[in-house]
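Notes follow once the structure below has been shown.
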Amino acid sequence: MILSELYDGTIKQTEVGKIAFDEAYDVVICGLGTAGAMAAIFAAENGLSVLGVEAFNCVGGTTTIGGVDGHYFSIRGGRCVAVDEAVDDFKNAYTRNVMEARKIVEEDMILKSGATILYESSILGVYLEDSTVVGVRAITPEGIKNLMAYTVFDCTGDAYIAHMAGCETEYGREVDGLAQPYSMVSSVFREDHYFATNCDFGRVDQRDDKSLSDALLFSRGYEMKEENKGVSKLIHMPLIGIREGRRIVAEEMVRLSDFFAGKKTEEPAFYAYADLDKHGWDIAFDSETLCDWFIGANLGAYNVVIPIPFKAIIPKKVDGLLVPCRALGVDRDVASCARMVPNMQKLAEVAADLAMLSKKHNCKLREVPYAPLKARWEKSGCLLNPYVTDYRIDGVAQPEDVYFSDDPKDLASGLCTNKPGQAIWSAKLMGDKAKETLVALLDSPDENTRKHAAFALALQKDASGVQLLRAMAEERDAITLQDCRKHNQQRGAMAIYLLGKLRDTACVDTLIDIITNPDEHKKQTYADGSAGTRYAISDFNNAYFQFVSNSVMALIRIGEAHSSSRSKIKEAFDQAFSDGTYYSRMTTRPPKSSEGGMVLNLKNVARHGTEKW
């Protein structure tokens, strides 16, 4: 038997021979947060012996001491509904605070179901026999304990246990390795009403102790002005809202490129439903797949319905371990949709049923047949999809299903409007079938039609409309399209992104002027677009940042494809980012704020991009 531990970020494995375990359980759950607390309830109700190991002194994690008392978007259903209703009943009867109610109700349910809780305890190591997890080593108030388990649940939110067990993981985005911004939630009181409010801050890497400590200290000493109006702060919640950490490479992965191509799992456990919001303004640095959707078609606030397979919580090549938390097997693009609170609660149900059937049939987790699982999830409502289409406009007065056309004749009527996104994406899905129509529309007398046809062609890497794209970049086209309730893009920034996608060398001088001209930020384009790209943020020129960040990425892509342009681009990056003046032109917020961190990161992205050459 091997004990696998983590020392200063490095995995250390030691042969320990035969271990006399202190206690044995069917399921040991590492972390009793949003998913873990539910998993303890459901696994025990499934007849399994359960131990929950929790570092804090209460259950619920993000939904209690993290202060998240609600959620936006999801498909309600599954066994978690009854728990949520019990929490609401307790809140209405005894307290006005849903977070305190959740602590009490979920703990009571766990204990009454027969499960055991170890509070103020942390996992030190993982016991492995070959590639199977057979237990964990924990430090508890009673000392170190060796705990045997038929199945271990990693509900840490950061794949901490899976990482120690040697599972393959992914982290952050490709360009700079960063995760999404974190939030700090505060308890507030206003007009005889108690509730929680959150502020988005910079990035944090919870794998690194210093990064986490810095985030905790900074977030508690800094307040965003937008969040202070008319409220009385009571307390900052002890757990900061980290949206993203490690993600496992699972038996079945969910990737956005597959979803857009119509490739879906045949064995869904539930359906994730939300937009693909990354909670940052630097979307230009995300994957090209996401940028096509978010920038190229301006559909960033459209919602998607993504089926999540049950094997997305089973790590590849490792047995005895499930990861039913936000660290499940999805790519970074899908993660922001999958991480919603009800989805995490559904993962708890999925894991509890998998563990029960695995033990019942004495088979590996990946070998549990889908049919009985599907029957359970359909009965509970976990596997429920009430929507007709995979895409929806939501968060508005009248939500509606979205249909993408497969007829080129339909394109003109959409491209001529200030909401051309559906037509642009329809053309992308049509591929070559749409090109003849789009090329003809480049000569339309209507300005919108011409420009948006150029966008649609560029998304297919067709340069037929490149002159129109160059003109939009040169004039800093300030028109903000209106497809979405938020995240709307200015046409000039969209054109810059698409010029980078085309690797167009003729636009290099224009892009260099945008990032190096010390008076660029004074242009009317950025005043006109300051509120259009999402909403007005004091002390931050968002519109200017969009043009600069897209220009940086476009120049990097052009340099990757054309070695002859590299020296000029490197020289421009040195000129643009060699001192701190670029920072002061975009924001006066501190460097560790969300906006300040994104502006500082321009220099890092530029440097890393050219280093690859």
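See the values below:
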{"read-out": "Selection within segment 484-510 - of a type outside the set (Lys, Arg), open to solvent by 10 Å² or more (accessible area, probe 1.4 Å) and at pLDDT 95 or above", "value": "LEU502, ASP504, THR505, ALA506, ASP509, THR510"}
{"read-out": "The one condition in (1) hydrophobic (A, V, I, L, M, F, W, C); (2) at pLDDT below 95; (3) assigned to a strand (DSSP E or B) that MET99 fails to fulfil", "value": "(3)"}
{"read-out": "So ILE65, is it of a type in the set (A, V, I, L, M, F, W, C), open to solvent by 10 Å² or more (accessible area, probe 1.4 Å) and modelled with pLDDT under 95", "value": "yes"}
{"read-out": "Identity of the residue in segment 372-414, of a type in the set (Phe, Trp, Tyr) and in a loop (DSSP other than H, G, I, E, B), that ends up farthest from TRP425 (Cα to Cα)", "value": "TYR387"}
{"read-out": "Of all residues making up segment 402-413, the number that are open to solvent by less than 20 Å² (accessible area, probe 1.4 Å) and out of contact with any Asp or Glu (no Cβ under 9 Å at 6 or more places or on another chain)", "value": "1"}
{"read-out": "Failed criterion for ILE161 (all others in (1) more than 30 Å from VAL605 (Cβ to Cβ); (2) part of a strand (DSSP E or B) hold)", "value": "(2)"}
{"read-out": "Selected residue (criterion: nearest to the chain's Cα centre (by Cα)) from residues of segment 13-49 that are buried (at least 24 other Cβ atoms within 10 Å of the Cβ), of a type outside the set (Val, Ile, Thr) and farther than 15 Å from THR151 by Cβ", "value": "GLY33"}
{"read-out": "Scope segment 256-304; condition part of a strand (DSSP E or B) and closer than 23 Å to ARG485 by Cβ; matching residues", "value": "TYR271, ALA272, TYR273, ALA274, ASN303, VAL304"}
{"read-out": "Residues of segment 442-483 that turn out to be outside any helix (DSSP H, G or I) and farther than 26 Å from GLU520 by Cβ, as a count", "value": "9"}
{"read-out": "Unmet criterion (only one of (1) closer than 30 Å to ASP333 by Cα; (2) surrounded by fewer than 18 Cβ atoms within 10 Å (Cβ to Cβ)) for ASP84", "value": "(2)"}
{"read-out": "Criterion (open to solvent by 10 Å² or more (accessible area, probe 1.4 Å), within 23 Å of THR169 (Cβ to Cβ), in contact (Cβ under 8 Å) with a residue 12 or more places away in the chain and in contact with an Asp or Glu (Cβ under 6 Å, 6 or more places away or on another chain)) met by exactly one of ARG243, ARG255", "value": "ARG255"}
{"read-out": "Residue match in segment 549-566 (condition: open to solvent by less than 10 Å² (accessible area, probe 1.4 Å), farther than 13 Å from ARG476 by Cα, of a type in the set (Ser, Thr, Tyr) and under 24 Å from the mean Cα position of the chain (by Cα))", "value": "yes"}
{"read-out": "Test: residue in segment 42-51 that is under 25 Å from ASN198 (Cβ atoms) and aliphatic (A, V, I, L, M)", "value": "no"}
{"read-out": "Residue match in segment 55-73 (condition: of a type outside the set (Gly, Ala, Ser) and touching a Leu at 6+ places or on another chain (Cβ under 6 Å))", "value": "yes"}
{"read-out": "Qualifying positions in segment 305-322 - part of a loop (DSSP other than H, G, I, E, B) and either charged (D, E, K, R) or over 16 Å from MET253 (Cβ atoms) (or both)", "value": "LYS316, LYS317, GLY320"}
{"read-out": "Flag if ALA576 is within 22 Å of HIS608 (Cβ to Cβ) and among the small types (Gly, Ala, Ser)", "value": "yes"}
{"read-out": "Test: residue in segment 570-591 that is under 23 Å from the mean Cα position of the chain (by Cα) and more than 21 Å from THR480 (Cβ to Cβ)", "value": "yes"}
{"read-out": "Those residues of segment 323-339 which are assigned to a loop (DSSP other than H, G, I, E, B), of a type in the set (A, V, I, L, M, F, W, C) and either under 26 Å from PRO399 (Cβ atoms) or open to solvent by 10 Å² or more (accessible area, probe 1.4 Å) (or both), in sequence order", "value": "none"}
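Results for (1) of a type outside the set (S, T, N, Q); (2) at pLDDT below 95; (3) surrounded by 14 or more Cβ atoms within 10 Å (Cβ to Cβ); (4) under 28 Å from the mean Cα position of the chain (by Cα), shown as yes or no for each residue.
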residue	(1), (2), (3), (4)
GLU367	yes, no, no, no
ASN385	no, no, yes, yes
TYR391	yes, no, yes, yes
ARG450	yes, no, yes, no
PHE455	yes, no, yes, yes
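Yes/no per residue for (1) among the hydrophobic types (A, V, I, L, M, F, W, C); (2) buried (at least 24 other Cβ atoms within 10 Å of the Cβ):
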| residue | (1), (2) |
| --- | --- |
| ALA284 | yes, yes |
| GLU288 | no, no |
| ALA301 | yes, no |
| ILE313 | yes, yes |
| LEU321 | yes, yes |
| VAL341 | yes, no |
| ALA355 | yes, yes |
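The values are calculated or read from the model by the stated rules, or taken from the named source; none is laboratory data. Just so it is clear, the structure is predicted and the values come from calculations on it, not from any experiment. Positions of Cβ are backbone-derived with ideal geometry, glycine not excepted, and every protein chain shown enters the neighbour counts. Accessible surface is based on the protein model in full, side chains and every heavy atom, while ligands, DNA and RNA are left aside. Shrake-Rupley method; radii C 1.70, N 1.55, O 1.52, S 1.80 Å.
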